[in-house]
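Input: a single structure, listed below in structure tokens.
The values are calculated or read from the model by the stated rules, or taken from the named source; none is laboratory data. Just so it is clear, the model here is predicted, and its values are computed rather than measured. As a convention, Cβ positions derive from the backbone with ideal geometry for all residues, glycine included, and neighbour counts pool all protein chains shown.
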Amino acid sequence: MSGECHDVAPDTTTVKRVGLPMIALAGQPNMGKSTLFNLLTGLNQHVGNWPGKTVERREGNFSMDGSEYNLVDLPGTYSLTANSPEEVIAREFILRESPDVVVAVVSAANLERSLYLVSELICLPVRLVVALNMMDVAAGEGLIVEPEVLEAALGVPVVPITATKAKGIRELLYIVRKTLDGKIQHCPRLPEIRADHRDALDQVLSLLAGRVPAPYPPEWIALKLLEGDIEVTRTMQTALPVETWTAVHAILVQHDDAMLAVASGRYEWVGRMVRAAVVRPRLGQISLTERLDRVAAHPVWGLFVLAGILGLVFWLTFTVGAPLQEWLDVVVVGGISDLASTVLAGAPWWVSGLIVDGIIGGVGSVLTFLPILVIFFAAFGLLEDVGYMARAAYVMDNLMHLMGLHGKSFLPLFLGFGCNVPSIMGTRVIDSWPARLLTILIAPLVPCTARMAVVAFLAPAFFGKNALWVTWGLVIFSLATLVGLGTVLNRVLFKGERSAFIMEMPLYHIPNWRTVGLLVWGRAISFVKKAGTVILAISAVIWALSVLPGGDIETSYLAQFGKFFEPVGRLMGFDWRLTVALLTTFPAKENAIATLGVLYGGASESGLAVALTQSFSTATAISFLAVTMLFVPCLATVAVIKQETNSWRWTLTNVAMFLVISILAGILIYNAALWMGL
């Protein structure tokens, strides 16, 4: 297929879009697409899910010179073939919603790979603008990329930008606006299928004439049929008469290697573009990425780097987060509690108790976690933005092989340090279903920020200056359990099956602090909302159960509930209060501290810590912390396990498995601690 020049002014025969002009951002992962989106929309964005999908949808507005635009961030995808939900969403949105302009974000530092998606986008009936991002990274790698030459070769506008430094953004928006106004003429140079399959393409096209359902272009449908695209094949099998589909199918069977012909045509096209526009460094020149990867991606030293990074995060938690946590407790939560007590002095006892002891005592204790969570969010957002995450997956590959997995499984597992929910959803990057299922089953063993916040609260109370080492030990214990469980499950359920590991290493680049800041802001707000809804409701219920029916906590419904399960808790060193606190972590892990805050009369953080140390031995403390790390996943995680496995059997198996493991571990650790005299 060859390109021809055409005016891109809006087609007057179609219905004009109602509302703001829509611009869609498309690009492969690690191209800086999210950085550009955050830069343009700032806080004027909202995040949800695509209809009927669990894939995140980000949309926002921005203005330029008095005009406002709608910006949609399409899921990052390597191609437009129906191999994943992200790819289907991206192409269906472009074809069905017809955005006014599609901005393809590519990396100047890795142009050969990132242009493959452009080779598919350029064949769609959309007005395309290429944002040539990471010009600074390319320069650092010794590459010279000529945007004007690339624009002439592609036949569509190309704008050099550096999104992390906001360079070239205004020029990009100027070109987008000119494209919207129809002032730029496009002459796209389209990829061509390999010569030995062009006749087959023409034959399929002739059979499809007049029978392709809107809004799909016939040429695109024909190519996708030759590629063996499952979604397109299913659509056309339904849309075409039986005799026509039989004829099309016969051609496809005769040319069953056409997928390679289509792909090779695109790669040849990409090669021509790169040869025209890129001047490579002289032989022997070592790039910054190569120098850093000699250590960060080393099979031995890389493990020390990863351990050091995690250690640094924990150190920051206790040296920076703990003082801020104490300030929040004493000044903010304590002040609000004292004020509420004064204001409600003449109110009925149950009103004062509910607000001061139930809501403020429970929710207030949880809100003091915020500094710790912000440190975790910022640290892992920074690691992701700088390009280190792929290295962490690479150096963990050998360890993953013990479980029959590979380094690609480490990426979603690593996300679990933030939250187990996106961790389990992130397993979609794993091609093998057995490997994906195994990763889902063990993912809750990665200590999320909620679990770590509980540990960060209790560890200093019981272990003082040794809290850092105790926390580190608990994390190692949880991860060692993950490896052990994964190894057993792989051998029992999947008969020791192994899979190969192929992944791309993105280039290192300077992080965009705005992107990291917006990520931290969004997750912090989400946590505050949870504290103001789920945790508030749980705290109120816990308080009510702790005073009903007669106002005495020892004879309350909550005590009766806790004492029913107390025999199991006693095996781990727990009384009924700790047993109840553990059970309330099912709705949300943070509820452990909220529940203890309510049960100990709405004590402040420091007062609660003292009360706990006076009530429980060190053996009980270490047992409770260890069980908290291994206990049943929270309700949201259980829901997403059901969603991703589409099986109640695997979901309930996962819950039962962690219930048994956590109880057995608690019993062993408690008795071992007693034997050691703790």
Of the conditions (1) crowded, with 20+ Cβ neighbours inside 10 Å; (2) under 20 Å from Leu485 (Cβ atoms), Ile622 satisfies every one except a single condition; which number is it? (2)
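Residue by residue, here is whether (1) modelled with pLDDT of 80 or more; (2) assigned to a helix (DSSP H, G or I) holds:
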residue	(1), (2)
Leu441	yes, yes
Ala461	no, yes
Val483	yes, yes
Leu507	no, no
Ala544	no, yes
Okay, helices (runs of 4 or more DSSP H) sitting entirely in region 134-209 with 1 or more residues that are surrounded by 15 or more Cβ atoms within 10 Å (Cβ to Cβ) and outside the structural domain of Met22 (by TED's automatic domain parsing), I get 198-208
Could you tell me which residue of region 70-85 is nearest to the chain's Cα centre (by Cα), considering only residues that are surrounded by fewer than 21 Cβ atoms within 10 Å (Cβ to Cβ), touching a residue at least 40 places away in the same chain (Cβ under 8 Å) and outside any strand (DSSP E or B)? Gly76
For region 623-668, give me each residue that is farther than 17 Å from Leu445 by Cα, part of a helix (DSSP H, G or I) and over 21 Å from the mean Cα position of the chain (by Cα). Trp648, Arg649, Ile667, Leu668
Kindly evaluate Leu582 against the criterion of being buried (at least 20 other Cβ atoms within 10 Å of the Cβ) and within 21 Å of Gln325 (Cβ to Cβ). no
Taking the options Val18, Val8, name whichever one is at pLDDT below 55 and over 32 Å from the mean Cα position of the chain (by Cα). Val8
Kindly indicate whether any position in region 271-287 is part of a helix (DSSP H, G or I) and at pLDDT below 80. no
Ala214: closer than 20 Å to Val102 by Cα, among the small types (Gly, Ala, Ser) and not assigned by TED's automatic domain parsing to the domain that holds Arg127, yes or no? yes
